[in-house]
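Visitor: To start, I am sharing the structure in question, which I have written as structure tokens.
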Amino acid sequence: MIDLTDLAHALQPAAQGTAGDAASPEALRRLARDLASGRLRSGLAVQKKAVEKLRAALAAVQAHDYHLGAKRCLEALDLDERNGLAWHILAICQEKAGEVGQALNAYEAALKLLPHETEVAHDLGRLAQRLGYLEIAEKLLVKYLAANPGHVDATNNLACVQRDAGRYDEAVATLRDLIAIEPGSALLWNTLGTVMSDQGDMHNALIFLEEALRLDPDFAKARYNRANVRQPLGDEEGALADLIAAYEGAEPGYEQAMMTMARAMLLMGMGRIPEGFEAYEARLDPSMPEAMRVVVDAPRWDPATTDIAGKRLLIVGEQGIADEMIFGGCIPDAIDAVGPDGQVYLAVEARLVDMYQRSFPRAVVGAHRAVRLEGRLTRFCPFMEDLAEAEGIKADAWVPMASLLAQYRRSLADFPDTRGYLKADPARVAHWKSQLEALGPELKIGLHWKSLVLTGVRSRYFSSFERWKPVLTTPGCRMINLQCGDVSDDLAAAQAAGVEIWTPPIDLRNDLEDVAALSVACDLVVGPGIAGTNLAATTGARTWLIHAPDDWHLMGTDRYVFYPHVRTFATGGFDGWPRAIQAVRDALDQAVAGGWNDG
């Protein structure tokens with residue numbers, strides 16, 4: 001699974017291609033037949049009671065009362081804990097109720113008790129794929145296909161797993177072979193479109209998705225996927241129309257939550273605020289696999305009903321560390337809102353605690369901690385628990401950090417014209433300035449070029465290192481490596497080409513205080529929208545940021561509204577990296593000649 005702390009912006013719309021519904025009418029009829037056949041292991045009296053419970057469970061599923069269905073399954077399991085059908089139906093109820101971690105465990109129990117039931121393997125494989133357990137999903141789908149060769153849904157889902165694993169050629173081959181036999185399958189054309197879009201090939205993606213919609217105009221997944229292709233191609237209004245139409249035909253729960261999330265990001269990208277910020281609450285919908293659950297001994301703050309003046313407000317950081325820096329721009333507004341008689345508490349990524357405390361001395365700052373409980377990302381605030389135990393201090397209310405946007409950024413005019421709000425350690429800045437001066441008289445250019453996480457769709461947002469050559473070879477510039485992770489191969493390739501990139505003697509992933517200070521000490525930091533460039537921008541370092549065509553942070557403008565002094569360079573498309581990098585090179589040449597022209 002993905003470590004959210006290392007993502008720039010953790011949540012983004014995902015391609016929808018997976019087929020199958022464990023609670024479809026056909027699936028429920030099959031389970032009812034299994035019950036009628038008496039395929040239970042227990043004695044006659046126990047079996048009769050269990051069958052009654054499970055029939056009631058299936059009736060509840062048909063009525064979309066999944067909690068009641070789960071309750072009846074648990075009652076059947078109290079009678080016989082080795083009842084494989086009970087585990088299978090329980091898994092379906094939990095999956096449909098959004099309790100994905102528990103559903104995964106129940107499916108595994110069902111598969112163990114019913115090892116030859118390939119439908120269980122298919123259901124579990126589909127859920128595992130959605131949760132990112134790709135290796136498990138692939139094994140289960142291959143098992144199902146061995147018993148059901150040529151099955152369209154399972155073959156499609158296998159291609160989705162291959163796509164998510166970045167094995168695009170395999171995914172295309174899997175789909176192509178079956179499309180040759182089933183050319184009228186909208187499902188297969190849709191997934192082929194998502195394989196193209198994940199690679200950034202939006203023009204071919206659009207062709208395949210429109211073929212899917214020609215075959216099935218009511219296919220909600222294809223319409224949603226087309227929306228995510230039309231947006232970066234510049235057709236925002238068409239994308240919005242597709243998302244609205246797709247939502248109407250989507251399954252309740254995960255699909256509708258994902259489509260609401262996509263609509264929120266599109267609205268924000270179009271500058272339609274606060275409408276977009278309000279829809280962005282979908283990121284916390286329990287139906288979303290990566291949605292955060294916060295465990296805090298306080299109610300959620302509702303600005304519409306509660307005046308926070310004079311209160312103790314806990315603000316909890318969320319998603320990736322770059323998001324904490326972007327959304328943290330609203331913290332001064334919250335501090336002003338509680339006033340001198342109130343108190344703001346901040347729960348942020350542990351590596352950022354000292355920086356936030358230095359920047360907001362009126363706040364009390366501590367680290368949050370995230371664990372997975374029953375498959376759900378759950379965030380705690382241990383420092384608040386310590387305050388409650390030691391001093392009896394408890395928050396009156398809490399709020400997710402990003403939710404402050406809907407309250408304090410009602411229009412573009414509400415974004416402050418400031419050069420960062422976090423303060424790097426002055427002593428460390430001075431130290432790194434002296435270190436950089438010792439390297440020579442050239443301009444010192446801090447460089448980022450990729451994310452730590454390049455799986456699936458994320459890879460299209462970054463360029464290969466080789467394409468950075470025009471920037472790396474700029475006369476009068478000395479490149480400073482700020483890129484975290486193992487980049488030894490990239491650095492060796494640069495050195496072999498005669499480019500010396502200086503790497504500071506620090507842990508670029510964890511020593512964020514030093515990374516921030518070094519960024520400020522550099523003449524410039526440049527890169528895509530990842531955590532490192534956001535850290536530079538937030539601390540007021542001169543920053544140039546290369547952005548993708550669907551980057552919502554510009555909000556309909558030509559700049560990052562969260563960082564108004566950051567200079568932006570547009571790729572103009574996922575194939576536009578060479579153009580953007582050349583534009584950076586031209587700007588660097590101008591800077592060396594004595595003119596920064598930061599705009």
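Visitor: Looking at (1) touching a Cys at 6+ places or on another chain (Cβ under 9 Å); (2) within 22 Å of A350 (Cα to Cα); (3) open to solvent by less than 10 Å² (accessible area, probe 1.4 Å), which is the only condition L524 fails?
Guide: With (1) touching a Cys at 6+ places or on another chain (Cβ under 9 Å); (2) within 22 Å of A350 (Cα to Cα); (3) open to solvent by less than 10 Å² (accessible area, probe 1.4 Å) applied to L524, the lone miss is (2).
Visitor: Applying the selection to the stretch 152-188, what residues are of a type outside the set (S, T, Y) and not in a helix (DSSP H, G or I)?
Guide: Listed by number, the residues that qualify are A165, G166, R167, A180, I181, E182, P183, G184.
Visitor: Failed condition for A45, given (1) at pLDDT below 90; (2) under 25 Å from E251 (Cα atoms); (3) open to solvent by 70 Å² or more (accessible area, probe 1.4 Å), with all others met?
Guide: Of everything listed in (1) at pLDDT below 90; (2) under 25 Å from E251 (Cα atoms); (3) open to solvent by 70 Å² or more (accessible area, probe 1.4 Å), A45 misses just condition (2).
Visitor: Continuing with this model, one more query. In the stretch 261-298, which residues are modelled with pLDDT of 90 or more, surrounded by 21 or more Cβ atoms within 10 Å (Cβ to Cβ) and under 14 Å from the mean Cα position of the chain (by Cα)?
Guide: The answer is M261, A262, A264, M265, Y280, A282, R283.
Visitor: Count, please, the residues in the stretch 318-336 that happen to be touching a residue at least 40 places away in the same chain (Cβ under 8 Å) and open to solvent by 10 Å² or more (accessible area, probe 1.4 Å).
Guide: Of the residues in that region, 5 qualify.
Visitor: Do you know which residues across the stretch 545-570 are of a type in the set (D, E) and either open to solvent by 40 Å² or more (accessible area, probe 1.4 Å) or at pLDDT 95 or above (or both)?
Guide: D558 - this is the single residue of the stretch 545-570 that is of a type in the set (D, E) and either open to solvent by 40 Å² or more (accessible area, probe 1.4 Å) or at pLDDT 95 or above (or both).
Visitor: OK, next. Going through the stretch 477-494 one residue at a time, which ones are modelled with pLDDT of 95 or more and open to solvent by 10 Å² or more (accessible area, probe 1.4 Å)?
Guide: Result: C477, R478.
Visitor: So, of the residues in the stretch 458-476 that are surrounded by 14 or more Cβ atoms within 10 Å (Cβ to Cβ) and small (G, A, S), which turns out to be nearest to V525 (Cα to Cα)?
Guide: S463
Visitor: I'd like the full set of residues that are in a helix (DSSP H, G or I), in contact (Cβ under 8 Å) with a residue 40 or more places away in the chain and either open to solvent by less than 40 Å² (accessible area, probe 1.4 Å) or farther than 24 Å from G310 by Cα (or both), limited to the stretch 347-386.
Guide: R351, L352, D354, M355, Y356, S359, M384
Visitor: I'm checking my understanding of the structure. Among residues of the stretch 413-426 that are within 18 Å of T538 (Cα to Cα) and not charged (D, E, K, R), which one is most open to solvent (accessible area, probe 1.4 Å)?
Guide: Among those residues, the one meeting the criterion is P426.
Visitor: Which pairs turn up if I take residues in the stretch 69-86 that are open to solvent by less than 60 Å² (accessible area, probe 1.4 Å) and look for partners that are charged (D, E, K, R) and not in a helix (DSSP H, G or I) with beta carbon separation below 6 Å, at least 6 apart in sequence or on another chain?
Guide: Hits for this filter: zero, empty list.
One line per residue, one yes/no per condition, for (1) buried (at least 23 other Cβ atoms within 10 Å of the Cβ); (2) of a type in the set (G, A, S); (3) assigned to a helix (DSSP H, G or I):
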| residue | (1), (2), (3) |
| --- | --- |
| N190 | yes, no, yes |
| E210 | no, no, yes |
| N225 | yes, no, yes |
| A245 | no, yes, yes |
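Visitor: Taking A282 as meeting all but one of (1) assigned to a helix (DSSP H, G or I); (2) more than 28 Å from M259 (Cβ to Cβ); (3) among the aliphatic types (A, V, I, L, M), write down the number of the exception.
Guide: Condition not satisfied by A282: (2).
Visitor: Go through D507, D558, D514 for me and flag whichever is in a helix (DSSP H, G or I) and more than 22 Å from the chain's Cα centre (by Cα).
Guide: D514
Visitor: Of (1) at pLDDT below 90; (2) touching a Ser or Thr at 6+ places or on another chain (Cβ under 9 Å); (3) open to solvent by less than 50 Å² (accessible area, probe 1.4 Å); (4) of a type outside the set (S, T, Y), A497 satisfies all except one. Which?
Guide: With respect to (1) at pLDDT below 90; (2) touching a Ser or Thr at 6+ places or on another chain (Cβ under 9 Å); (3) open to solvent by less than 50 Å² (accessible area, probe 1.4 Å); (4) of a type outside the set (S, T, Y), A497 is out only on (3).
Visitor: Just one of L206, L233 is closer than 24 Å to F462 by Cα, in contact with a helix residue (DSSP H, G or I) (Cβ under 8 Å, 6 or more places away or on another chain), at pLDDT 95 or above and surrounded by fewer than 20 Cβ atoms within 10 Å (Cβ to Cβ); which is it?
Guide: None of the others qualify; the one that does is L206.
Visitor: Still on this structure, I have one more. May I ask you to verify whether A395 is in contact with a helix residue (DSSP H, G or I) (Cβ under 6 Å, 6 or more places away or on another chain), surrounded by 17 or more Cβ atoms within 10 Å (Cβ to Cβ) and either of a type outside the set (S, T, N, Q) or at pLDDT below 95 (or both)?
Guide: No, not satisfied.
Visitor: If you go through the stretch 571-599, how many residues are under 26 Å from E236 (Cβ atoms), open to solvent by 50 Å² or more (accessible area, probe 1.4 Å) and in contact (Cβ under 8 Å) with a residue 24 or more places away in the chain?
Guide: So the count comes out to 3.
Visitor: Give R130, R126, R167, R176 a once-over and let me know the one that is open to solvent by less than 30 Å² (accessible area, probe 1.4 Å), at negative phi and among the basic types (K, R).
Guide: Selected residue: R126, the only one of R130, R126, R167, R176 that is open to solvent by less than 30 Å² (accessible area, probe 1.4 Å), at negative phi and among the basic types (K, R).
Visitor: For P149, state whether it is more than 22 Å from the chain's Cα centre (by Cα), within 22 Å of G17 (Cα to Cα), without any contact (Cβ under 8 Å) to a residue 12 or more places away in the chain and not in a helix (DSSP H, G or I).
Guide: So P149 passes the test.
Visitor: Here are some conditions: (1) over 22 Å from R351 (Cβ atoms); (2) open to solvent by less than 10 Å² (accessible area, probe 1.4 Å); (3) in contact with a strand residue (DSSP E or B) (Cβ under 6 Å, 6 or more places away or on another chain). L405 meets all but one. Which one does it not meet?
Guide: Only one criterion is unmet by L405, namely (3).
The values are calculated or read from the model by the stated rules, or taken from the named source; none is laboratory data. Fair warning: this is a prediction, and the values are worked out from it, not measured in the lab. All Cβ positions, glycine included, derive from the backbone under ideal geometry; neighbour counts span all protein chains shown. Ligands, DNA and RNA are excluded from the accessible area calculation, which covers all protein heavy atoms including side chains. Shrake-Rupley method; radii C 1.70, N 1.55, O 1.52, S 1.80 Å.
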